[in-house]
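The values are calculated or read from the model by the stated rules, or taken from the named source; none is laboratory data. Treat the numbers as computed from the prediction; the structure is a model and nothing was measured. Cβ sites come from the backbone with ideal geometry, for glycine too, and all protein chains shown count toward neighbours. All accessible areas refer to the heavy atoms of the entire protein, side chains included, with ligands and DNA or RNA removed. Shrake-Rupley method; radii C 1.70, N 1.55, O 1.52, S 1.80 Å.
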Amino acid sequence: MTQRGHVLDDTWYLDYAAGALASEAEGVLVRSHIELNDEAGARLARLDRIGGSLLEQLPTGEALPFSADDLLDLVDGSEDEVTDPASAATPAELADVDIPPALAAYLERTGVQVKWEFLGPGLRKAVLWRGDEDERLWLLKAEPGVAIPHHGHNGSELTLVLKGSFWDGDQEYRRGDVEEAHPDIEHDIRIDPSGVCVCLALTCGKLRFDNPLLRAFQVFTGL
């Protein structure tokens, strides 16, 4: 497990702990990140301790800000997610990637097939889930040294590194790291030349390219 930075804002871990993430896809990515990143796990544990401490400080006899039904709803909503990680099989298409238990369990439970498709020279994609408002959970496989052209975002993007690493400016993102991008961010991504990079990404909206040729090519890639 990595012990580096590049973690999410604490609001993500709070929402994860409360079962309040917007979609199952968010849950898969955030849980996978926590499983791979020691700092993310430590932040989640710290927030749990803070929550427990706040509950202990409530005056005796004062009503809790939630009901028993609320707790039962959380339990009912989480039962389907309980899967033995050891029983989740890794798809042959990801045999060379040590995927986190949360992703392995999701793939096995949903039966989603990992089908690599052409995205660009040295780039492959595999869409795992599609939601409302052009939201997608997908895998990216990039060959060593590949550069992803300068681009922006029409929506949000979370990118979790599962294997290898990539560079955004002078920042390197390795296994377990997450990069979060928003519409006001433009950047150039370079895959580290040391090896293949595989990422799990959750995007809302398409990428935004200034180059007209790349915008035309986007029609065929769908991203």
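Structure notes:
- Note on exposure: THR11, THR203 ranked by accessible area (1.4 Å probe, complete protein assembly) read THR11, THR203, with the most exposed listed first.
- Heavy atoms of ASP96: accessible area, 1.4 Å probe, square angstrom to 10: 90
- Shown here is the pair-distance distribution of region 95-193: with all Cα-Cα distances grouped in 5 Å bins from zero up to the longest one, the shares run 3, 10, 20, 26, 22, 13, 5, 0 percent.
- A cut-off under 9 angstrom between Cβ atoms defines the neighbours of LEU8, and their net charge, with Lys, Arg +1 and Asp, Glu -1, is -2.
- Each Lys or Arg adds one and each Asp or Glu subtracts one; over the other residues with Cβ under 10 Å from the Cβ of GLY169, this totals -3.
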